[in-house]
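Inspection log for the structure reproduced underneath, given as structure tokens.
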Amino acid sequence: MTLHIGYEYICKKCGYKFIPYKEKSLCPHCGFPADENFDFIPRAIKSIKFNIKEVGSIHPGVWLVGSFADEILEHIFEILDSYDKTYPKPNFDEFAELVLEQRIPEHEKFLREHIFEILKEIVKELEKEGLYSIKGK
Ligand SMILES: [Zn+2]
């Protein structure tokens, strides 16, 4: 079993999907303000904690993508997990950017930055709880 996040938000101006994860989020593609916000970070943390407890790693192994939020979460699992397994530790930001470049096509470049922002929030929370650590920031 895994904890999924069934959510997507579509920008009212440009039609691209993103996660308005904080108050007054702006569309990462066109800058148009979102008219709602969604508690993605705490939900993602909950899902990650669940995986650590059940599977022993951040990536649950099998992850069926059922929504846009699940898709974002999969990129995040992948980055956190592969960084965790890389020795010696490279610079986390550079590592994350490289993985995102490989996973997200050039025409959706704005999504790379969007996911990177969300990723940093999640890492901050996980570090606070002693569940993750990045070196060489
Ligand atoms: Zn937009």
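Computed values, structure above
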read-out: MRE, 222 nm, helices only [DSSP H, n ≥ 4, -39500 (n - 2.57), over the chain, to nearest 500]; value: -15500 deg cm²/dmol
read-out: Ranked list, fewest to most other Cβ atoms within 10 Å of each Cβ, for Arg43, Arg112; value: Arg43, Arg112
read-out: Gain in span if fully extended, Asp39 to Glu101, counting 0.36 nm per residue against the direct Cα distance; value: 19.7 nm
read-out: Alpha-carbon centroids, the range 63-137 and the range 27-42: separation in whole Å; value: 18
read-out: Test item: Cα-centred dipole of the chain, Lys/Arg +1 and Asp/Glu -1 on Cβ, debye; value: 240
read-out: Largest-first principal axis extents of the Cα set of the chain (Å); value: 43, 31, 26
read-out: Cβ-based exposure ranking for Ile41, Ile72, in which fewest neighbours within 10 Å come first; value: Ile41, Ile72
read-out: Cα lying deepest toward the dipole's positive end in the range 9-128, options Pro33, Tyr16, Leu119, charges on Cβ; value: Pro33
read-out: Rg and Dmax [Cα atoms of the range 12-73; Å; Rg one decimal, Dmax integer]; value: 14.0, 41
read-out: Backbone HN-Hα couplings from phi across the range 42-58 [Karplus 6.51/-1.76/1.60, Hz, Gly and Pro as x]; value: x, 5, 5, 4, 4, 5, 5, 4, 4, 4, 4, 5, 7, 10, x, 8, 5
read-out: Pairwise FRET efficiency - Glu54 versus Glu117, Cβ, R0 = 22 Å, nearest 0.05; value: 0.20
read-out: Gain in span if fully extended, Lys13 to Leu64, counting 0.36 nm per residue against the direct Cα distance; value: 15.4 nm
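Every read-out reported here was derived from the displayed coordinates using simple, explicitly stated rules and does not represent laboratory data. The structure presented is a predicted model; accordingly, all values stated were derived computationally and were not measured. Neighbour counts are summed over all protein chains in view; Cβ atoms, including those assigned to glycine, are modelled from backbone coordinates with ideal geometry.
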